[in-house]
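Trainee: I'd like to ask you about the structure that follows.
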Amino acid sequence: MPELVKVWTEYVALGVELTAAVIIGVAALVGAVRALLAFVRPSGSPDAQKESLRLELARWLAVALEFTLAADILRTAIAPTWDDIGKLAAIATLRTLLNYFLQREIDGHHARQAGAADDGAQSVNRP
């Protein structure tokens with residue numbers, strides 16, 4: 001029975017990793033299409049367009065990293081070795097750092113947008 005649990009857990013972990021790979025592939029494809037469109041049809045604010053694209057791709061990469069972390073947790077739960085525990089710690093640390101810096105980028109992006117909106121509203125209200 002324990003061997004059956006290990007086999008099924010490995011299959012689930014493989015499926016979770018496959019999900020992460022699909023997320024990365026689709027996100028990269030969507031990002032590439034949006035980048036090409038930005039070259040062909042640039043917006044009025046190309047820097048904001050590029051930043052939006054970069055942040056969206058980073059969000060999807062963070063989601064994929066969560067899936068890889070889940071797969072590693074599954075594998076570590078059934079047969080923990082020091083190598084597995086080290087990988088899990090490295091991925092968890094990377095995920096935490098990525099999410100921290102991504103959130104800082106998103107907050108900065110929102111602050112810049114709010115500042116631009118406030119500047120625009122003030123210039124319209126001035127006599």
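No value in this document is a laboratory result; all are computed from the given coordinates. Given the structure is predicted, the values throughout are model-derived calculations rather than measurements.
Trainee: Where does the chain land at 222 nm, in deg cm²/dmol rounded to the nearest 500, when only DSSP H runs of n ≥ 4 count, each adding -39500 (n - 2.57), divided by all residues?
Mentor: Working: 3 runs with 116 residues, N = 127.
Dividing the helical sum by the residues of the chain leaves -33500 deg cm²/dmol.
Trainee: With a 10 Å cut-off between alpha carbons and a GNM built on the chain, which of A62, A79, A28 moves the most?
Mentor: A79
Trainee: Could you tell me the relative contact order of the stretch 2-125? Use alpha-carbon pairs under 8 Å, at least six residues apart, and round to a whole percent. Could the numbers behind the result be given before it?
Mentor: Values: 70 pairs, mean separation 38.0, N = 124.
It comes to 31 percent, rounded to a whole number.
Trainee: Nearest 10 degrees, 0 to 90: what angle lies between the long axis of helix 2-40 and the longest principal axis of the chain (Cα atoms)?
Mentor: The helix 2-40 is inclined about 20 degrees to the chain.
Trainee: Still on this model: Taking the square root of 5 times each eigenvalue of the Cα gyration tensor, what semi-axes in Å does the equivalent ellipsoid of the chain have, largest first? All intermediate terms of the calculation are to be shown ahead of the outcome.
Mentor: Details: eigenvalues 353, 61, 19 Å².
Semi-axes, largest first: 42, 17, 10 Å.
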